[in-house]
Amino acid sequence: MTSTISQKHPRGLYVLFFAEMWERFSFYGMRAILLLFLLDNVRGGMGLEAAEAAAVYGLYTSSVYLLTLPGGWLADNILGQKKAIWYGGIVIMLGHIILAIPGGTSTFFIGLVTVAIGTGLLKANISSIVGELYPEGGARRDAAFSIFYMGINLGSVLGITIVGYLGQKINWHMGFGAAAVGMLLGLVVFHFGSKKYLKGYGEVPPVKISTPESDAKSGSEKKLGYGLVAMLVLFLSALQLKGLIDMTTAQGLAQGAGIIIVTVSLFYFIYILVAGGLTPVEKKRIYVLIVFFLAAAIFWSGFEQAGSSLQIFAERYTQRTFGGWEMPSSWFQNFNGTFILIFAPVMASLWIFLSAKGYNPATPVKFAIALLLVGAGFFIMEMASKIAVTGQLASPLFLTFTYMVHTIGELCLSPVGLSSYTKLAPKRYVSQLMGIWFVAASLGNLIAGLFAGGFDEENLQQMPALFQQVTLFSVGFGVLLLIFWKPVKNWMGGIQ
Ligand code: GLN
């Protein structure tokens, strides 16, 4: 990226950069205080139990990424990306305004749902226009995505700092209000910038011409869809009746959502393999996307604990008073964005350097490294929690190092994964498969939330074992990928 940053990029990229920066300002800013607000019963928070709060948190962050599927569909079929982003931004801002009203439980949940719907409309579509700006693909598109990723993280750092500070030090609702102001600024940038610099991009799609074949196909797809929904309803009802999950609680609802996400993804992959009319080469590439999907879901389920278990650890068990000043615990979440801003150029140059020598690791190897690093981060947390269990506060260095290795892992997986999905997906399925990439994030976020439910103050002793589970799981899958990277790479059929 360092060598390509000097190349001229279209002005439209910077419109998207700043619009997404402000959207992420509001998203990460609010997310930084969300769990604390749910747990708090002293400063006007919701006062929920740990397990319930973590489940609400997981459900919210997971829906945000899951809703990118209908958001992408709406943009592809009805609105066009630009309108979807504009309306999405307005809905997000309204959601934060609702959250800023100290109006009790239902107001709060309405606000949360509104933000999730708006983000579903905006998030994947804004990345699609970035891709659209570079029809030739190639290295310039990769560079554009790296610049865009910096915008994401700049927004997250600013948001966590300002929203986190206002929410934790002054008043929760003031924090949520600041998130609304951030989104407003994003809308202003997008409104004026897109008029001038994004003409002709992300427009309303052409009306699809229907033929008897396409009608028959969409008819049978609809039937399959209804069948799947009916099966899921039956299965979940059976689980509920047998008392295996209780969907009247937030935790049970989150478990139910997990089952739905896993089943839908599984059926989607089976469907595309069996009925997608794919060539043998395309089929193999779908196998690779399945492997990457699993790896990404496992990675995010560890990584996204930044806002759940790691946030709780920062708040309760980390020494964060420096010279009489107490740092807001939400600020720890800033280490991710800050490390991205530091390491993104370093990693980009590293890949370029290794490529020149012919040693650039294959994508499955980069995914494996990401999994090993997320495991390493949780190994550090296991050490930290062994101190916390004795009743002492752990040094802030533990979380700092954890965030550092997690961020390097993110850089091995997230931008690489985004671009691999656009390259490996058969052309006619690109947007659906992009949606599936975010579904992996959705699943990861859900698991990350559910996991933090085990963080009971009464059961402090189990914390090291909980962290160890995450390490074993991610390292296990990472090692498998390291063993089998060659066949996976061969399935990619020549795509780098
Ligand atoms: N941090 C990135 C973003 O906010 C990636 C999130 C994800 O895909 N889980 O866009």
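Observations
- Taking 19 Å as the cut-off, the amide N atoms of the stretch 419-460 that come nearer than this to a point 7 Å along the Cα-to-beta-carbon line of Thr390 belong to 460.
- From its DSSP helices (H runs of at least four residues, each -39,500 (n - 2.57)), the chain gives a residue-normalised ellipticity at 222 nm of -26500 deg cm²/dmol.
- Degrees between helix 138-165 axis and first principal axis of the chain (Cα, 0 to 90, nearest 10): 30 degrees
- Gyration tensor over alpha-carbon atoms, the stretch 224-332, equivalent ellipsoid semi-axes in Å: 39, 24, 8
- Normalised radius of gyration (Cα atoms, divided by 2.2 N^0.38 Å) for the chain: 0.95.
- Simple label model, 7 Å out from Cα along Cβ direction - Glu326 to Tyr226, nm: 5.9 nm
- Relative packing of 311-323, 268-280, which averages over residues the other C-beta atoms within 10 Å, highest first: 311-323, 268-280
- When every Cα-Cα distance of the stretch 105-144 is counted in 10 angstrom steps from zero, the calculated P(r) takes the values 27, 30, 21, 15, 7 percent.
- Modelled this way, with points 7 Å down the Cα-to-C-beta line, the labels at Ser355 and Ile101 are 5.1 nm from one another.
- Rounded percent of accessible protein surface that carbon and sulfur make up, the stretch 199-323, 1.4 Å probe: 70 percent
- In a fully extended conformation the segment linking Lys199 and Leu460 would gain 88.4 nm over its present Cα-Cα distance, using 0.36 nm per residue.
- Surface per residue (accessible, 1.4 Å probe) for the stretch 1-93, Å²: 36 Å²
- Pairwise Cα inverse-distance average, inverted: Kirkwood Rh of the stretch 375-446 (Å): 14.6 Å
- Working value for the stretch 249-303: equivalent-ellipsoid semi-axes of 27, 15, 4 Å, each the square root of 5 times a Cα gyration tensor eigenvalue, largest first.
- Amide H partners (placed H, <5 Å) of Thr318, local residues excluded: Ala394
- D_trans [Stokes-Einstein, Kirkwood Rh over alpha-carbon pairs] for the stretch 332-465, 10 °C, 1.306 mPa s, µm² s⁻¹: 93 µm²/s
- Share of pairwise Cα separations in the stretch 246-397, more than 25 Å, in percent: 54 percent
- Spatially proximal lysines relative to Lys196 (Cα-Cα < 18 Å; intrachain offsets below 8 disregarded): Lys8, Lys82, Lys83
- For Met347, neighbours were defined as the other residues whose beta-carbon sits under 13 Å from its Cβ, and their charges (Lys and Arg +1, Asp and Glu -1) total -1.
- Straight-distance candidates among the aspartates and glutamates for linking to Lys242, with alpha-carbon spacing under 12 Å and chain neighbours fewer than 8 residues away dropped, are absent.
- Total charge dipole magnitude, the stretch 1-143, about the Cα centre, Cβ charges on Lys, Arg, Asp, Glu only, Debye to nearest 20: 440 debye
- As an equivalent ellipsoid, the stretch 115-193 spans semi-axes of 29, 14, 10 angstrom, where each value is the square root of five times an eigenvalue of the C-alpha gyration tensor, largest first.
- Peptide packing for 393-403, 445-455, 340-350, 143-153 was compared via the average number of neighbouring C-beta atoms within 10 Å per residue; ordered from the highest value, the list is 445-455, 143-153, 393-403, 340-350.
- Given charges at beta-carbon only (K, R positive; D, E negative), |dipole| of the chain in Debye: 1580 debye
- With the whole protein complex present, Leu166 retains an accessible surface near 40 Å², based on a 1.4 Å probe.
- For Ser220, the solvent-accessible surface computed with a 1.4 Å probe is close to 60 Å², ligands and nucleic acids excluded.
- For the peptides 474-483, 90-99, residues were scored by their other Cβ atoms within 10 Å and the scores averaged per peptide; the highest-first order is 90-99, 474-483.
- Between Arg11 and Leu273, the distance separating the two model label sites (each 7 Å from Cα on the Cα→Cβ line) works out to 4.9 nm.
- Cβ-based net charge around Leu278, under 12 Å, with every Lys or Arg adding one and every Asp or Glu removing one: +4
- Radius of gyration and maximum dimension Dmax of the stretch 1-133, Cα, Å: 16.9, 53
- Rounded, prolate or oblate (a/c below 1.5 giving rounded, otherwise prolate when a/b exceeds b/c) for the stretch 281-336 by Cα gyration tensor: prolate
The values are calculated or read from the model by the stated rules, or taken from the named source; none is laboratory data. Being a predicted model, the structure only gives us computed values, none of them experimental. Every residue, glycine as well, gets a Cβ built from its backbone with ideal geometry; the counts of neighbours run over all protein chains shown. These area figures cover heavy atoms from the full protein model, side chains too; ligands, DNA and RNA do not enter into them. Shrake-Rupley method; radii C 1.70, N 1.55, O 1.52, S 1.80 Å.
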